Amino acid sequence: MPDSILLTGGSGFIGSHIAVEVARAGHRPVVLDNLCNSKAGVIERLARIIGRPIDFVQGDIRDGAVVRKVIRDFGITRVIHLAGLKAVGESMSMPLAYYDNNVVGTLRLLEAMNDCGVRSIVFSSSCTVYGDPQRLPLTESHPLSSANPYGQTKLTIELMLRDLARSDDRWHICLLRYFNPVGAHESGLIGEDPNGIPNNLMPFVLKVAAGQFKELGVWGSDYPTPDGTGVRDYIHVVDLAVGHLRAMERLGDMRCEAINLGTGQGSSVLDVVKAFERVNAVRVPYTLKDRRPGDIAACWADPALALQRLGWKTERTLDDMCRDAWKWQLSSGGS
Ligand code: NAD
Ligand code: WQD
């Protein structure tokens, strides 16, 4: 019997790639998404990749009745919880919307799961919970902090989940702390589709390469990094999706564990630009600008715990990320 896995936020960038891996592993992904940051067309494209229709319910995780109905109707046994708002800048101007959607939304989801006797969950946390790194690479024992409401919501949810696990040993919880997910499915059918002007590096690089923006602004060239530009641990979204599958499969052995999902390699902004130009034979004009407020100099993962606990490590390179992201941009125009 295939397991029915609830993917909250499953039509979004990361969730859609997880749906593919969950289905490929022989399970039945069930997507619950309110489409506040994704489009229903993703579900049809997922069906083309998977080769069969995919179960989709348009609904909000804050609506406990909807969540309970989905869990019961589809016989859900485990949950991968991705639904949330994720724009750091927006979270500073609308903190209450972030606490409501992310924290209250998770609370309502957990209540509904508990009522239905489903107590296994993989949660989308973020490397943002480490704040400004005191040492690199970042291990899971690094002190936690956050300088913005988005990060605070991730920290609050982690605390809530830890308290829950302490209160009742029937819960099995994995907190996956992602580094910088980029790239797209190799089919070119799904990928990242941000609304408006992208904030993040790879989506902006794509728009510049496609001629939709004249040039990339490189935010800071005087960081204490090899070329002066910011360094991050970019991870291919398909590797990230496979990491979720492994975490889901190992939930039975966990009470509440935090695990980094990253490559362990840092790349600078200019490393990304150069790899993108070389792999795709396109130009990405750029100008060096002042630092972006709130940015850190460098951040990359120690992924050893993921290998030890999940038997998982990344397989795809920065070149793969650049190639697959560009294929998605060309096939979709980014939408
Ligand atoms: P995304 O915006 O593409 O996907 C999130 C999905 O959740 C969207 O489809 C949106 O419509 C849905 N959603 C939001 N609020 C909802 C609600 N109340 N009810 C139902 N659906 C709701 O973002 P993503 O990049 O795929 O990120 C997925 C998760 O991973 C988020 O929780 C995000 O915070 C986390 N994360 C993302 C990154 C990143 O860089 N992309 C890094 C670390 C962690
Ligand atoms: C990467 C690098 C920029 C855009 C964000 C969130 C974090 C996490 C991952 C969710 C930095 C530089 C960027 C541009 C640039 N998300 N840059 N020009 O800031 O590491 O992290 O996404 O949990 O919480 O804050 O990612 O892609 O925005 O930036 O030079 O137009 O690219 O300064 O060095 P970041 P990013």
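The numbers here are math on the coordinates, done by the rules we state, and not lab data. Note that the structure is a prediction, hence the values are computed from the model and not measured. Because the Cβ atoms are built from the backbone with ideal geometry, glycine has one as well, and the counts that use them run over all protein chains shown.
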Quiz item: If you average 1/r over all unlike Cα pairs in region 155-292 and invert the result, what Kirkwood radius do you get in angstrom?
Solution: 17.4
Quiz prompt | Potential extension, Q212-L307 segment - 0.36 nm per residue separation minus Cα distance | solution = 30.2 nm
Practice problem: Scan the chain and hand back the longest stretch that contains none of the GluC sites (Glu not before Pro) lying in DSSP loops with at most 13 other Cβ atoms within 10 Å. | Solution: 1-214
Exercise. Give, rounded to the nearest 20 debye, the magnitude of the charge dipole that region 17-109 has about its Cα centre when Lys and Arg contribute +1 at Cβ and Asp and Glu contribute -1 at Cβ.
Key: 340
Quiz prompt | Pair T139, A25: separation of 7 Å Cα→Cβ label points (nm) | solution = 2.7
Quiz item: Semi-axes, largest first, in whole Å: what does sqrt of 5 times each Cα gyration tensor eigenvalue give for the chain?
Solution: 31, 23, 18
Self-check item: Evaluated at q = 0.17, 0.27, 0.28 Å⁻¹: base-10 log I(q)/I(0), Debye formula over Cα of region 78-147
Solution: -0.79, -1.15, -1.18
Quiz item: Between R48 and E111, what length in nm is gained on full extension when 0.36 nm per residue of separation is reduced by their alpha carbon distance?
Solution: 19.3 nm
Quiz item: What is the order of F204, F213, F276, fewest Cβ neighbours within 10 Å to most?
Solution: F213, F204, F276
Quiz item: Using a Förster distance of 41 Å, how high is the FRET efficiency between N199 and S167, based on the Cβ-Cβ distance and rounded to 0.05?
Solution: 0.65
Exercise. Please name whichever of L216, M248, I71 sits farthest to the positive end of the charge dipole of the chain, dipole taken about the Cα centre and charges placed at Cβ: Lys and Arg +1, Asp and Glu -1.
Key: I71
